[in-house]
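Report on one structure; see the data block that follows.
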């Protein structure tokens, strides 16, 4: 089993603050990394992906990847109540083109 | 519109019955996947297929079966051998490294 680990939370932040979500992975063959947002009862939706070490910014979201430490994170700036959801980290193992998911971190943004 | 369609969205089954969940995509994606999600847990891979007429077991394939006779379709059968089938089932497809999901099928065993 390819392990992807996340803190389950719950993580609570006040509206307007920065939310920081973390993920570690065990397989050094992992090539690409994804963050999905999942609202209760709904399917996951892709919000960010990152392939290279460093930071990638998209609006209020920043993904950070450190392959040496096998660590990927997601920062959400200016958090809004609509950001309240479970955030799933996923990694893609190129050989076999398989995607493995963490258990998710539950985020609550308090108005 | 392009997308992944799963049906039914909700399904109730009696113990001992097989059920088949449908997954159709019009994105022209080669790879398709089935995941299972239990409350408070992440997604676990059941089966995946990289190409028509070929598929591989994921981490929790026991009690499930699939077919891939057409590029667009990847149905999942939950058999009576699956001891705890109540879950949220998600179908997904991928073309170039990104995974896209259908809306899911929620199966409840009565």
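The values are calculated or read from the model by the stated rules, or taken from the named source; none is laboratory data. Keep in mind it's a predicted model, so treat the numbers as computed, not measured. No Cβ is skipped: glycine too gets one built from the backbone with ideal geometry, and neighbour counts run over all protein chains shown.
Selection over the stretch A:56-75 of residues that are part of a strand (DSSP E or B), free of Cβ contacts under 8 Å to residues at least 12 places away in the same chain and farther than 25 Å from residue A:29 by Cβ gives a count of 2.
With respect to the conditions (1) in a loop (DSSP other than H, G, I, E, B); (2) surrounded by fewer than 18 Cβ atoms within 10 Å (Cβ to Cβ), residue A:43 falls short on a single one, namely (2).
For the stretch B:27-44, the condition of being closer than 18 Å to residue B:5 by Cα, at pLDDT below 95, surrounded by 15 or more Cβ atoms within 10 Å (Cβ to Cβ) and facing another protein chain (nearest Cβ under 8 Å) holds for at least one residue.
The single condition from (1) in contact (Cβ under 8 Å) with a residue 40 or more places away in the chain; (2) part of a strand (DSSP E or B); (3) surrounded by fewer than 19 Cβ atoms within 10 Å (Cβ to Cβ) that residue A:34 fails is (3).
Take the conditions (1) modelled with pLDDT of 95 or more; (2) over 22 Å from residue B:11 (Cβ atoms); (3) within 11 Å of another protein chain (Cβ to nearest Cβ); residue B:71 misses just one of them, which is (3).
None of A:59, A:96, A:41 is out of contact with any strand residue (DSSP E or B) (no Cβ under 7 Å at 6 or more places or on another chain), at positive phi and at pLDDT 95 or above except A:59. Pairs are defined by a Cβ separation below 8 Å, a sequence spacing of at least 6 or placement on different chains, a first member in the stretch B:48-60 that is more than 21 Å from residue B:100 (Cβ to Cβ), and a second member that is part of a loop (DSSP other than H, G, I, E, B); the pairs so defined are B:53/B:68; B:53/B:69.
Anything in the stretch B:61-73 that is assigned to a strand (DSSP E or B) and either touching a residue at least 40 places away in the same chain (Cβ under 8 Å) or touching a helix residue (DSSP H, G or I) at 6+ places or on another chain (Cβ under 8 Å) (or both)? List them, or say none. Please lay out each step first, then the result.
So in the stretch B:61-73, the residues assigned to a strand (DSSP E or B) come out as B:64-66, B:70, B:73.
The answer is B:73, and nothing else.
Does at least one position in the stretch A:2-10 carry a residue that is in contact with a strand residue (DSSP E or B) (Cβ under 8 Å, 6 or more places away or on another chain), more than 11 Å from chain B (Cβ to nearest Cβ) and within 30 Å of residue B:7 (Cβ to Cβ)? Among the residues of the stretch A:2-10, not one is in contact with a strand residue (DSSP E or B) (Cβ under 8 Å, 6 or more places away or on another chain), more than 11 Å from chain B (Cβ to nearest Cβ) and within 30 Å of residue B:7 (Cβ to Cβ), which makes the answer no.
Does residue A:15 satisfy the criteria of being more than 26 Å from residue B:103 (Cβ to Cβ), in contact (Cβ under 8 Å) with a residue 12 or more places away in the chain, more than 15 Å from the chain's Cα centre (by Cα) and surrounded by fewer than 21 Cβ atoms within 10 Å (Cβ to Cβ)? Step through it out loud before you land on a result.
Details: more than 26 Å from residue B:103 (Cβ to Cβ): yes; in contact (Cβ under 8 Å) with a residue 12 or more places away in the chain: yes; more than 15 Å from the chain's Cα centre (by Cα): yes; surrounded by fewer than 21 Cβ atoms within 10 Å (Cβ to Cβ): yes.
So residue A:15 fits the description; yes.
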